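Structure below; questions to follow.
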């Protein structure tokens with residue numbers, strides 16, 4: 001993708017660089033930055049035809065032309081999410097047609113009236129903590145857990161940007177307490193599952209059950225979002241007590257795992273009921289085995305979320321979710 005920029009383009013406008021997903025407006029941008037945002041939006045629309053393959057590469061190409069800025073995206077009236085300008089993962093938010101983890105967005109919007117605390121494991125820059133603590137999503141408390149020092153700095157900045165309404169905590173989630181080596185070339189795919197000792201950083205590891213008492217009250221309801229890049233089963237082993245409480249687990253099944261390892265483990269080793277959003281029925285369907293995932297998981301470079309719970313409350317809420325009450329016929333939120 002080629003992009004010709006005027007030599008007189010202003011490089012450092014004083015205002016924050018802000019994109020409003022409610023209106024599609026861009027504020028605080030120079031001529032150069034406006035053109036770059038347009039290129040990112042066009043790249044997102046084109047790459048959407050191939051499950052956004054190639055978009056991150058396009059962002060890397062544009063990064064050389066981009067000033068070192070932070071992009072702020074207004075997600076709803078009281079939620080602002082920031083990330084580095086031209087970031088290859090989060091810049092998709094600049095495309096109004098794009099919906100990040102639409103099935104989980106559907107879930108969170110549908111249970112906005114429920115009383116729960118979010119445990120956001122592998123929070124990255126804090127997207128879901130930013131939204132779930134907003135008024136539109138029910139103003140729920142959130143504990144945002146992220147091991148990467150660089151990611152944690154941006155996560156903490158987003159907590160500050162949104163009035164410190166969620167609590168960042170720097171550590172990794174595993175089967176038991178200890179330390180591990182965190183590594184990875186992409187901020188959205190940092191993992192303690194690797195073996196490289198000469199790269200990355202040492203991080204503290206805690207089991208989910210260690211959160212019981214403080215900050216989590218087991219007499220309350222919880223939503224546990226587990227996005228821990230390859231150590232999901234270890235995390236489940238370290239959270240056996242917490243998963244027996246009135247909670248629902250959200251866990252990612254990667255599209256390239258044709259064995260559906262995480263779902264198989266949950267079905268074989270826990271008492272949790274498993275649900276997954278089925279595009280064919282447009283409902284979260286109860287999975288008694290993993291066969292439906294062969295059909296649902298169509299893209300190898302995408303993540304698919306499963307919900308697991310032993311709570312009658314959460315099961316009833318999951319079964320009652322109706323996309324037509326949340327999104328219009330074009331897939332845009334009704335609120």
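Just so you know, all these numbers are worked out from the coordinates, no wet-lab data involved. Keep in mind that this is a model prediction, so the values were computed, not measured. With ideal geometry, Cβ positions are generated from the backbone for all residues, glycine too; neighbour counts draw on all protein chains shown.
Let me know the Kirkwood hydrodynamic radius for region 26-84, please, with Cα pairs as the basis and the value in Å to one decimal. List each step's numbers first, then the result.
Details: mean 1/r = 0.0795 Å⁻¹.
By the Kirkwood definition, the hydrodynamic radius is 12.6 Å.
Who wins for biggest fluctuation among 191, 160, 309 in a Gaussian network model of the chain, springs between alpha carbons below 10 Å?
160
Then there is this: Averaging sequence separations of C-alpha pairs under 8 Å and six or more residues apart, then dividing by the length of region 17-94, give the relative contact order as a whole percent.
Numbers: 103 pairs, mean separation 28.4, N = 78.
Averaging sequence separation for qualifying contacts and normalising by length gives 36 percent for region 17-94.
In degrees between 0 and 90, to the nearest 10, how far off the longest principal axis of the chain does helix 31-47 point, with axes built from Cα atoms?
50
Next up: Please provide three numbers in whole Å: the alpha-carbon extents of region 276-335 along the principal axes, with the largest listed first.
For region 276-335, the Cα spread along each principal axis is 34, 32, 17 Å.
I need to check one value: relative contact order of region 133-191, counting alpha carbon pairs closer than 8 Å and at least 6 residues apart, in percent.
Details: 55 pairs, mean separation 19.7, N = 59.
Across region 133-191, relative contact order equals 33 percent.
Select from 84, 207, 147 the residue whose mean-square fluctuation is largest in a Gaussian network model of the chain (Cα-Cα springs shorter than 10 Å).
84
If you don't mind, there's one more thing I want to ask. Per the Cauchy relation, a quarter of the hull surface: what is the mean projected area of the convex hull of the alpha carbons in region 109-211, in nm²?
Values: hull surface 27.3 nm².
Mean orientational projected area (region 109-211, Cα hull): 6.8 nm².
Can I ask one more? Once R0 is set to 22 Å, what does the formula 1/(1 + (r/R0)^6) return for the Cβ-Cβ distance between residue 202 and residue 177, expressed as a FRET efficiency to the nearest 0.05? Mind showing how you got there, number by number?
Numbers: r = 14 Å, r/R0 = 0.64.
With a Förster radius of 22 Å, E is 0.95.
How large are Rg and Dmax for region 103-150 when only the alpha carbon atoms are used, in Å?
When restricted to Cα atoms, region 103-150 yields Rg and Dmax of 10.8, 34 Å.
Would you kindly give the portion of the calculated P(r) for region 188-335 that falls above 25 Å, as a percent of all Cα pairs? Show your work: numbers first, answer last.
Working: 3913 of 10878 pairs.
I get 36 percent for the Cα pairs in region 188-335 exceeding 25 Å.
Next question. Relative to the longest principal axis of the C-alpha atoms of the chain, give the angle of the C-alpha long axis of helix 149-161, reported between 0 and 90° and rounded to the nearest 10°.
In the chain, helix 149-161 runs at an angle near 80 degrees to the longest axis.
Which of these, 297, 325, 225, has the largest mean-square fluctuation under a Gaussian network model of the chain (Cα springs below 10 Å)?
Its mean-square fluctuation being the largest, the pick is 325.
Considering all projection directions equally, how large on average is the shadow of the alpha-carbon convex hull of region 127-168, in square nanometres? Intermediate values should be presented prior to the final figure.
On the way: hull surface 9.9 nm².
Approximately 2.5 nm², given one-decimal rounding.
Same structure again: At a threshold of 8 angstrom on Cα-Cα distance, excluding pairs fewer than six apart, so keeping six or more, what relative contact order does region 193-335 reach in percent? If you can, show how the numbers build up before the last one.
Values: 187 pairs, mean separation 32.6, N = 143.
Computed value for region 193-335: 23 percent relative contact order.
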